[in-house]
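The values are calculated or read from the model by the stated rules, or taken from the named source; none is laboratory data. Everything numeric in this text was worked out from a predicted model, so none of it was measured. Here Cβ is always computed from backbone atoms with ideal geometry, including for glycine, and neighbour counts include all displayed protein chains. Surface areas here come from the heavy atoms of the whole protein model, side chains and all, with no ligands, DNA or RNA. Shrake-Rupley method; radii C 1.70, N 1.55, O 1.52, S 1.80 Å.
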Amino acid sequence: MHSNLRTIGHLLSPYIRIGSTRTFAVNALVHRSHAGLPQCKRCLSTSTPLLPRHAVSRISPLRAPFAFHWHQSRQIAVTATAPGAMFSHPPPEPGADFNVVMIGAGNIMFGSDEGPWNHSFRFEHKLGPRLKVTALIDPSTARAEKVLEGKRQSFVESAYKDTKVFKTIEDYHSYLHGAKSPAPHAIVVGCPPAYRGGTTKGTDLEINLLKLFPHTAYFIEKPVGTGTVEASKEVTQKLIDNGNIVSVGYMLRYLRCVQKMKQIIHENNLTVMATNARYSCAYEAIAKPAWWNKAIDMGPVIEQGTHFCDLSRYFGGDVEIDTVVARSVEWYEKPGQLSKIPIDETKIDEELRIPRLTSAVWKYDNGAVGSFTHAVALQGHAYACELEVWADGFHMRLVDPYNAPTLYVRRPGDDHEERHVYTDDDPFFSEVSSFIDCIEGGPDPHILSSFEDATKTYELTWAIRLAAEAARAPKA
């Protein structure tokens, strides 16, 4: 039995360092087209000290074309090139080498056809010729060497030409000690979560990193682990006590649409009333057996829905964990009978098969209500994901944040929705850029997801799973 099935711990105190105050501005021409009325034009200019991003110059209509071919004419359309877009950054300036160690030679680190994740690509574009990957750590040295072979045949060859492969972080540390080489500036952790976030041997990667590289900055993938919530809290405290720069990869927080929502809340002095997140995956394309097994990937809410639970917390704040209630549709219930499961589910123990739908409700500390629904229901390849946020007079709706992030806003005094789209926005690059700026004192040193904050999200996802399992209908 997983230890989290026996206990859920207490909440952690807030710990997000926002950094110094700066402002950003985005100017875009807005067209309002109402039936029977002449078209009017106005200019929106937005600026805020809340969670600042990149300072940008005024965007010309040629570089930020507007699209008006909507089915509904009664709305505001705002389309602009994302200020944080990777291509909009100037080429990296020459400078001293920036040494990086990468743990994990899989898809998260080096990309795949399954999605946009590829940390190495973002580090290459942020640092340019300064990037030097001194070591690649992976138990499968053959896989690591194959990845490096591809990199060395590309235009980023200089970053990887001297990269050494090690099976463990301890082996790399021994090599450094013998060679009397300096510690890396950053360690990027992209190994499976089963190996990190814990306190027992084999799950205690962060604790080992603190012992071997106590002054290095860490970029760590989500979720924080697969072990107990209490263990993750213990790791959190060790990281806080040591004072490391740590960023966890909840990249959706860095989306321009998400920051626009934060800006609206700040500028209008709003108190969030409710959040509602919905995540519908295309299960037909998920051919990874571990994903269908709760003993390995911990279930879809913890492994997949974590991003939307995190976004919910980003707007609603800390959750009163004791208020979480949830219901599920299980695999053995009639609504849970799926016709296109791509794996042989009979090979998975019945108790470990994932729910088909999970729906949860909770209270935030400030009295607001949060809700989340995860559905294993869609076929094909496209997911359907939305987040709604309500406040007095305002309704904000974030649609399709993974592929084509779009924000719809209804404000007081107007029943029609604004539509905000930032083209070429890359939150993966933004989180890496901010992480490096935090290390070097660059122009945007703002980490939006600390390890402590990520542990709170981990706690919420476990609370949802536990509540749903406690209330599930028995198998006939």
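Just a few scattered comments:
- From the list G190, G128, G115, G198, the lone residue that is open to solvent by less than 30 Å² (accessible area, probe 1.4 Å) and either at pLDDT below 95 or of a type in the set (S, T, Y) (or both) is G115.
- Candidates V319, V369: the one that is farther than 24 Å from D400 by Cα, hydrophobic (A, V, I, L, M, F, W, C) and either at pLDDT 95 or above or touching a Cys at 6+ places or on another chain (Cβ under 6 Å) (or both) is V319.
Yes or no, residue by residue, for (1) in contact with a Gly (Cβ under 9 Å, 6 or more places away or on another chain); (2) assigned to a helix (DSSP H, G or I):
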{"site": "S247", "(1), (2)": "no, no"}
{"site": "L270", "(1), (2)": "yes, no"}
{"site": "T275", "(1), (2)": "yes, no"}
{"site": "A295", "(1), (2)": "no, no"}
{"site": "S312", "(1), (2)": "yes, yes"}
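- Of all the numbered requirements in (1) at negative phi; (2) touching a residue at least 60 places away in the same chain (Cβ under 8 Å), D424 misses one, and that requirement is (1).
- Of the residues making up the range 323-344, just one is farther than 18 Å from A476 by Cβ, within 28 Å of the chain's Cα centre (by Cα) and of a type in the set (S, T, Y), namely T323.
- Within the range 277-290, the set of residues being out of contact with any Gly (no Cβ under 7 Å at 6 or more places or on another chain), open to solvent by 10 Å² or more (accessible area, probe 1.4 Å) and part of a helix (DSSP H, G or I) comprises A285, P289, A290.
- Residue selection: K294 fails the criterion of being at pLDDT 95 or above, crowded, with 19+ Cβ neighbours inside 10 Å and out of contact with any helix residue (DSSP H, G or I) (no Cβ under 7 Å at 6 or more places or on another chain).
- Qualifying position, being in a helix (DSSP H, G or I) and over 27 Å from A282 (Cβ atoms), among D453, D414: D453
- Spans of strands (runs of 3 or more DSSP E) in the range 334-401 with at least 2 residues in contact with a Lys or Arg (Cβ under 8 Å, 6 or more places away or on another chain) and of a type outside the set (G, A, S): 369-378, 384-391, 394-399
- Filter result for Y175 (over 21 Å from R196 (Cα atoms) and open to solvent by less than 20 Å² (accessible area, probe 1.4 Å)): no
- Qualifying residue in the range 354-377 (condition: surrounded by fewer than 17 Cβ atoms within 10 Å (Cβ to Cβ) and farther than 27 Å from I264 by Cα): yes
- Being modelled with pLDDT of 95 or more, open to solvent by less than 40 Å² (accessible area, probe 1.4 Å) and charged (D, E, K, R) holds for only one residue in E418, E440, E350, and it is E418.
- Note on the range 131-156: residues that are of a type outside the set (F, W, Y) and either more than 22 Å from G106 (Cβ to Cβ) or open to solvent by 70 Å² or more (accessible area, probe 1.4 Å) (or both) amount to 8.
- Among the residues of the range 149-183, the ones that are of a type in the set (A, V, I, L, M, F, W, C), under 25 Å from N208 (Cα atoms) and part of a helix (DSSP H, G or I) come to 3 in all.
- Breaking point among (1) open to solvent by 20 Å² or more (accessible area, probe 1.4 Å); (2) touching a helix residue (DSSP H, G or I) at 6+ places or on another chain (Cβ under 7 Å), for H215: (2)
- Selection count where residues are in contact (Cβ under 8 Å) with a residue 60 or more places away in the chain and either open to solvent by 10 Å² or more (accessible area, probe 1.4 Å) or under 20 Å from I187 (Cα atoms) (or both), scope the range 232-259: 13
- Test: residue in the range 393-413 that is open to solvent by 10 Å² or more (accessible area, probe 1.4 Å) and under 28 Å from D322 (Cα atoms): yes
- Taken as a whole, the range 184-193 holds no residue that is in a loop (DSSP other than H, G, I, E, B) and at positive phi.
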